[in-house]
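The values are calculated or read from the model by the stated rules, or taken from the named source; none is laboratory data. Keep in mind that this is a model prediction, so the values were computed, not measured. When we count neighbours, we look across all protein chains shown, and the Cβ atoms used for this are built from the backbone with ideal geometry, even at glycine. Note: accessible area is taken over every heavy atom of the protein model, side chains too, but ligands, DNA and RNA are not part of it. Shrake-Rupley method; radii C 1.70, N 1.55, O 1.52, S 1.80 Å.
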Amino acid sequence: MGRARSFALGLTLLVGTCAPVLLSPGTACAATAAAAPHAALVVDTGTRTTTYCVALDDGSVSGTHLIELASAQYGLDYRFGFAGRAICRLDGVGVDGDDCFGAYPDYWGYLHGDGAGGWAWATGSAADHAVDDGDVEGWSWGAGDSGTTHPAPPALSIDDVCDQLDSPTPSPSPPAPAPSPSSGGGNGNGSGSGGGGGGGTDSAGSSGAATATPSSSVSSPSPRIHHASGSPAAPAGSPVAAAPGSASPDVVRAAATAPPASGGPPFGGLVTLGAIALLGVGGWFTLRRRKGGA
Amino acid sequence: MHPAAWIFWVTCAAIVAFTTTDPFYLGLLVAVAWFVYAACHVPGPTARSFRVFLIAGLVAMGIRTLLVFLGTIELGSVVYAALEGMRLAAILVVFGTFNAVTDPFGVVRLAPRRFHEPALAAALALAIAPRTIASVHRVREAQALRGLSTARWRSLPALAIPILETGMEDAVTLAESMDARGHGRGTRTRYRPQRWSAAAVATVLAASAAGAAFIVAATTRTGGLHPSTFPLIWPVASPWLLAAIGLLAVPGVIGRGRDA
């Protein structure tokens, strides 16, 4: 009798706590519109660089909202910390806690594109920076506390990232100029497994190689940019997917994908809630029995 | 049970609460603390400290969450603050359980003689909350018996004076009893030393396994101890760490069987 009652009580508690699950937020997939304002987001993990041509949902958005938009449009993996004001993880690299400097000296450095393909070290939080149409935003994983010591992403302008407006299907013809930068690219790939520090310094070297190419010719995209081909399932254009035809994909352009569906609670969550209900009811009965006995 | 086993238990439970902001882990920890309190609390006025610490924890969680509304309100930041508050509440609940299941002066006796005075000061500090709770209860009861209203804010001064007086009397009584037992004279024999029972050993082993599991998870950054609130995602819980929290219920299971 008592067992049946405790079971019923546990069930009630379980249903009550699980109700919010049904209200899981729906995620909308935003497609990149040609006429809408857009900004470039460059994410350099130290071993690979991914570019995102992000359509803005407002004339001016914050630097953190740009990352949220890139996640919605391209499935970019990210995590903010310090109450949403700092960037802890991008593209699977970084810190999983709320302390974004948990892997110091390696951390996500924040840079603004200077409009000519170069980078300027950001001095404020991305949450406060206004990103307008045509801006370039860079994130680079590595060590170094200033723009001179922290590795910068490869030099990229807005047209390098967002030239799809002119040519929707970019010509898959970069094999001809590919050999010349392949030495730098191979270098970057070789130290890929080295982790933050080694990869960071190497990335700085390859970015130096990239700035050596004249950035004035905006009409032709840099030969080191490879377009991700298909594979909508891959979250953020993975180098494996972009590999066909190219020897060393240093810079990968992300392909627009639907964001991964945010699933409901996993089975473990239900088990936890059940255990909580069981302990609560068990404690209550123990208390009652002890009171009755005393 | 040996007070040292309870100190071990509360330390490990606090480590668990301190290292995570996952609501599943914290919720299970609070449920475990409640179960241990129900099975093991010492009958008497100090048992009320569990409820008081639980209310204090909920208030702390509420205040921590409400502070967010002073700034820019986003669902993510509200959840973040609520989880931080939940961690604080879980720590308070764990200490409430510790206060309810131990005799604070039994804890003092554990200290080596050299550290007896600091341990006594610490025990007195720890005991202030349950002792005050007990004396508030006594005074209110006495006032109710005399037909005085105890529910109004106006009755607060009438409540405060006897409580302060009781606290003073308690302190004097304690000082006299310490003097009578030869405290501070260097010689002190241990009267009825507490023995380490199998239950105490099991508690220590289980609690240290739980604490170690969370320390390892925190240092290796595994197990999803801090679910992301930006973006707001559904937290995941590792079955191993859930089982580790379950180990903290061992004293409750043992105590429950013994009392029955």
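Expressed in units of 2.2 N^0.38 Å, where N is the residue count, the Cα radius of gyration of region B:79-221 is 1.41.
This model, with +1 at the C-beta of Lys and Arg and -1 at the C-beta of Asp and Glu, gives chain B a dipole about its Cα centre of some 620 debye. Per residue, chain B exposes an accessible area of 54 Å² to a 1.4 Å probe, with every protein chain left in place. Placing R0 at 51 angstrom, the Cβ-Cβ distance between B:GLU165 and B:ARG221 gives a FRET efficiency of 0.45 after rounding to 0.05.
To the nearest whole percent, what portion of all C-alpha pairs in region B:1-42 is separated by more than 14 angstrom? Don't skip to the answer; put the middle values down first.
Details: 455 of 861 pairs.
Taking all Cα-Cα pairs of region B:1-42, the fraction more than 14 Å apart is 53 percent.
The distance between label points at A:ARG85 and B:ALA125 comes to 3.1 nm (points 7 Å beyond Cα on the Cα→Cβ vector). In region A:33-173, the inverse of the mean reciprocal separation of distinct Cα atoms equals 15.1 Å; this is its Kirkwood hydrodynamic radius. Between B:GLY27, B:GLY44, B:GLY223, the GNM of chain B built on Cα springs shorter than 10 angstrom shows B:GLY44 fluctuating the most. Placing R0 at 35 angstrom, the Cβ-Cβ distance between B:THR72 and B:TRP240 gives a FRET efficiency of 0.40 after rounding to 0.05. The Stokes-Einstein estimate for region A:48-122, based on a Kirkwood radius over Cα pairs and taken at 20 °C with 1.002 mPa s viscosity, is a diffusion coefficient of 160 µm²/s.
Contact order, relative form, for chain B: 36 percent (alpha carbon pairs under 8 Å, 6 or more residues apart, mean separation divided by residue count).
Under 5 Å between amide hydrogens, built in the peptide plane, is the criterion, and for A:GLY109 it picks out A:SER140, A:TRP141, A:GLY142 among residues at least 5 positions away or on other chains.
Placing +1 on the Cβ of every Lys and Arg and -1 on the Cβ of every Asp and Glu, with no other charges, gives region B:113-180 a dipole of roughly 360 debye about its Cα centre. Take the Cα of B:ALA4, step 7 Å toward its Cβ, do the same at B:ALA158, and the gap between the two points is 5.0 nm.
Using 0.36 nm times the number of residues separating B:ALA198 and B:THR11, minus their current alpha carbon distance, what extension gain do you get? Walk me through the intermediate numbers first.
Details: separation 187, 0.36 × 187 = 67.32 nm, distance 1.96 nm.
Roughly 65.4 nm would be gained on extension.
Across every pair of non-identical alpha carbons in chain B, the mean reciprocal distance, once inverted, gives a Kirkwood radius of 20.5 Å. The phi torsions of region A:127-140, fed into the Karplus equation with coefficients 6.51, -1.76 and 1.60 and a -60° offset, translate into couplings of 5, 9, 7, 8, 9, 10, 4, x, 6, 10, 10, x, 10, 9 Hz, rounded to whole numbers, with Gly and Pro shown as x. Springs between Cα atoms under 10 Å define the GNM used for chain B, and in it the highest mean-square fluctuation of B:TYR80, B:TYR25, B:TYR37 occurs at B:TYR80. A:ALA152 sits among other residues whose Cβ lies under 12 Å from its own Cβ, and their net charge, with Lys and Arg +1 and Asp and Glu -1, is -2. Each of B:TRP153, B:TRP234, A:TRP121 has its accessible area taken with a 1.4 Å probe; listed largest first, they run B:TRP153, B:TRP234, A:TRP121. Legend: helices of chain B (whole DSSP H runs) are marked when their alpha-carbon atoms reach 30 angstrom or more along the helix axis and their mean Kyte-Doolittle hydropathy is at least -1.0; marked are B:75-101, B:116-145, B:156-180, B:198-220.
Computed from the C-beta positions of B:LEU110 and A:ASP114 and an R0 of 60 Å, the FRET efficiency is 0.35 to the nearest 0.05.
The alpha carbons of region B:1-132 give a radius of gyration and a Dmax of 16.4, 54 Å, in that order. Charge tally for B:HIS226 (other residues, Cβ to Cβ under 13 Å; Lys, Arg +1; Asp, Glu -1): -1. Taken per residue, the accessible surface of region A:42-128 reaches 32 Å², heavy atoms only and a 1.4 Å probe. Report the normalised scattering of region B:113-180 as log10 I(q)/I(0) at q = 0.14, 0.19 Å⁻¹, calculated by the Debye formula with identical scatterers on the alpha carbons. Treating every Cα as an identical point scatterer, log10 I(q)/I(0) equals -0.53, -0.80.
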